[in-house]
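Notes follow once the structure below has been shown.
The values are calculated or read from the model by the stated rules, or taken from the named source; none is laboratory data. Worth saying up front: this structure is predicted, and the values here are computed from it rather than measured. Because the Cβ atoms are built from the backbone with ideal geometry, glycine has one as well, and the counts that use them run over all protein chains shown. Ligands, DNA and RNA are stripped out before the accessible areas are found, and what is left, the full protein with its side chains, is counted by its heavy atoms. Shrake-Rupley method; radii C 1.70, N 1.55, O 1.52, S 1.80 Å.
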Amino acid sequence: MSNSGFRASLAEDFERFKRELPRDFASHVREAYHIDLTAEYLGRPLPHPIGKGSGQLSLNGGQLETDAQAGLAFAVLKTVIAQDAVGDQSMGAWAIHESKMKVERRAAGWTVTWKGRGWDRSFHDYLALVRAGRDLTRAGALLAIPSVKYHLPHLDEPFRDSEYAFTTRALADAWAETPLLLEKDFSPTLAGDHLSDEKAQILRWLREVPQQIRAHADVRLAMKLMNARFDDDFQLEMMDAASSADALVVFNRLFDSAQGVAYGGPELSDRNLRVLARLTPGASPGIPELSGTGNIHSGRMIVEYAARGCSSVQLHTFFQLPLEEYPATHGSRTQRALHVLIFEPHDGLIAVMLEREKTGALERRGGELHFLDLLPHAYRPR
Ligand SMILES: Cc1cc2nc3c(=O)[nH]c(=O)nc-3n(C[C@H](O)[C@H](O)[C@H](O)COP(=O)(O)O)c2cc1C
């Protein structure tokens, strides 16, 4: 079939799938469009690049089941605050209930106003969620990844190893398979914390946290970097300092210090894409695998992140919009979001990959277009 033939089928599929998105839509895309959406997160192959970022949308087993049924590629569990064997939490200020959360328009996009808190139930309950996620992961239904906020010391202080030890071992036991896949959250709220005012302090955290965690278990580690309150150069310095992680999630939300809240929307993706575009792939000994996050609301935006090195993406706000904002008429929010992200005939992922084929920016290999070919060469998984 020709490029224009594929476009005609796309308009039909978009209409048809408004009522029901097939769970294995990635196979359908491969058969019908000869497009291979295979992506990667933390070294694991994914059927397509779209996952859910850590937050209020992955707090219980029911949400994970719904997401697995919708065909989401992965979900990062809500961030838990690390603790030691007696339950002390140095970052305990974050382990409180989020009372105010509002989805609203910001500039030409959406943001969820959020103070940025962590898991507010017991660590024991979190381990039960990790086991539920592990079972779905083993069944090949959806990759579920725990997320932790561990102690971050002042420059002249040591890391509280007791928290790193207890929390990492407990998660590894619950995961019961090696390696444990884990995200370390550096949190947008840190941008509002006086501790984050020190550049040297932040760089030390990024350099030393991987070894702090890995001392206690076989962990494949993603570090979710915040947008610090410094310039773009510093974002690049942060990436460099964090290069011993296995993956970097780039970059968590901006911080509005006047209102004391973290926010997203177009300002977030503008900044993230601007910083990522400045990386020089292959120049330094290695930028780890990248997972994009921030104001992703279309396949076109997924391609923007992929073209700057991201082999997967993590969305939150787009999975939280009022139902009437999605063109699909049936299905869970996750299904409706995936439907528009993949199949929308102008800005969906398939449409934009076909558009790139037409302009010669993306070529078929073995008769197929490949999502991972959107990445610059030096970032492609081997
Ligand atoms: C309500 C809410 C809660 C969130 N909670 C967490 C969290 O616990 N840990 C974390 O690493 N990121 C958290 N995030 C950040 C999201 O995972 C995501 O990276 C960020 O919002 C940018 O993506 P988006 O523009 O698609 O929302 C949260 C975001 C929102 C809106």
*Please report the relative contact order for region 21-132, taking Cα pairs under 8 Å with a sequence separation of at least 6, and give it as a percent rounded to a whole number.*
19
*In whole percent, how big is the carbon plus sulfur part of the accessible area of region 9-78, probe 1.4 Å, protein atoms only?*
46
_Starting from 0.36 nm per residue, how many nanometres of slack lie between residue 66 and residue 138 once their C-alpha separation is accounted for?_
24.3 nm
_Can you give me the long-range amide H partners of residue 249? Hydrogens built in the peptide plane at 1.01 Å from N, cutoff under 5 Å, separation of 5 or more residues or another chain._
223, 224, 225, 291
*Too long at a 24 Å Cα-Cα cut-off: which of 18/358; 224/358; 149/199?*
18/358; 224/358
_Using θ = phi - 60° and Karplus 6.51 cos²θ - 1.76 cosθ + 1.60, couplings along region 15-20 (whole Hz; Gly, Pro as x)_ = 5, 4, 7, 4, 7, 7
*Give the cross-link partners of residue 102 among the aspartates and glutamates, using a straight C-alpha distance below 16 Å as the criterion and excluding same-chain residues fewer than 8 apart.*
256, 325
_Quick check for you: with a 1.4 Å probe and neighbouring chains kept, what is the accessible area per residue of region 1-159, in Å²?_
43
*May I ask for the net charge around residue 107, where only other residues with Cβ less than 12 Å from the Cβ of residue 107 are counted and Lys, Arg are +1 while Asp, Glu are -1?*
-1
*Residues with amide H under 5 Å from that of residue 77, placed H, sequence gap 5 or more*: 145, 147
*If you stretched the chain out fully between residue 198 and residue 93, how much longer would it get, using 0.36 nm times the residue separation minus the C-alpha to C-alpha distance?*
35.8 nm
*Nearest-5 percent of antiparallel DSSP beta bridges in region 52-174?*
40
*asked:* Just to be sure I understand: with springs between alpha-carbon atoms less than 10 Å apart, which residue in 117, 253, 169 has the highest mean-square fluctuation in the Gaussian network model of the chain?
replied: 169
*asked:* Can you give me the Rg/Rh ratio for region 31-166, using Cα atoms for both radii and the Kirkwood formula for Rh?
replied: 1.03
_residue 323-residue 155 FRET efficiency (beta carbon distance; Förster radius 56 Å; 0.05 resolution)_ = 0.70
*How big is the chain by Rg and Dmax over its Cα atoms, in Å?*
20.0, 64
*From phi via Karplus (6.51, -1.76, 1.60), per-residue ³J(HN,Hα) for region 293-300 in Hz, x at Gly/Pro*: 9, x, 6, 8, 9, 7, x, 4
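Give the calculated FRET efficiency between residue 32 and residue 244 to the nearest 0.05, with a Förster radius of 30 Å applied to their Cβ-Cβ distance. Write out the running numbers ahead of the final one.
Details: r = 42 Å, r/R0 = 1.39.
It comes out at approximately 0.10.
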*Summed residue charge, Cβ within 15 Å of residue 353's Cβ, Lys/Arg positive, Asp/Glu negative*: -3
*Have a look at 162, 243, 147 and tell me which one the Gaussian network model of the chain (Cα, springs below 10 Å) gives the largest fluctuation.*
162
_I want the antiparallel fraction of DSSP beta bridges within the chain, as a percent rounded to 5._
30
*Step through the residues of region 52-67 one at a time and calculate ³J(HN,Hα) from phi using the Karplus curve (6.51 cos²θ - 1.76 cosθ + 1.60, θ = phi - 60°), rounding each to whole Hz and writing x for Gly and Pro.*
9, x, 4, x, 6, 9, 9, 9, 8, x, x, 5, 5, 4, 4, 5
*Measure off, as a whole percent, the carbon and sulfur share of the 1.4 Å-probe accessible area of region 312-382, all protein chains present.*
49
*Please tell me the relative contact order of region 279-382 in percent, rounded to the nearest whole number, where contacts are Cα pairs under 8 Å and at least six residues apart.*
30
_Please list, ordered by chain and number, the residues whose modelled amide H lies under 5 Å from the amide H of residue 106; skip anything fewer than 5 residues away on the same chain._
111
*Using alpha-carbon pairs under 8 Å, 6+ residues apart, how would you state the relative contact order of the chain in percent?*
21
*Taking just the C-alpha trace of region 195-326, give me its Rg and Dmax in Å.*
15.3, 48
*With each pseudo-label sitting 7 Å past Cα toward Cβ, what's the residue 330-residue 19 distance in nm, one decimal?*
0.6
_Helix-only mean residue ellipticity at 222 nm for the chain, each DSSP H run of n ≥ 4 adding -39500 (n - 2.57), per residue, nearest 500_ = -10500 deg cm²/dmol
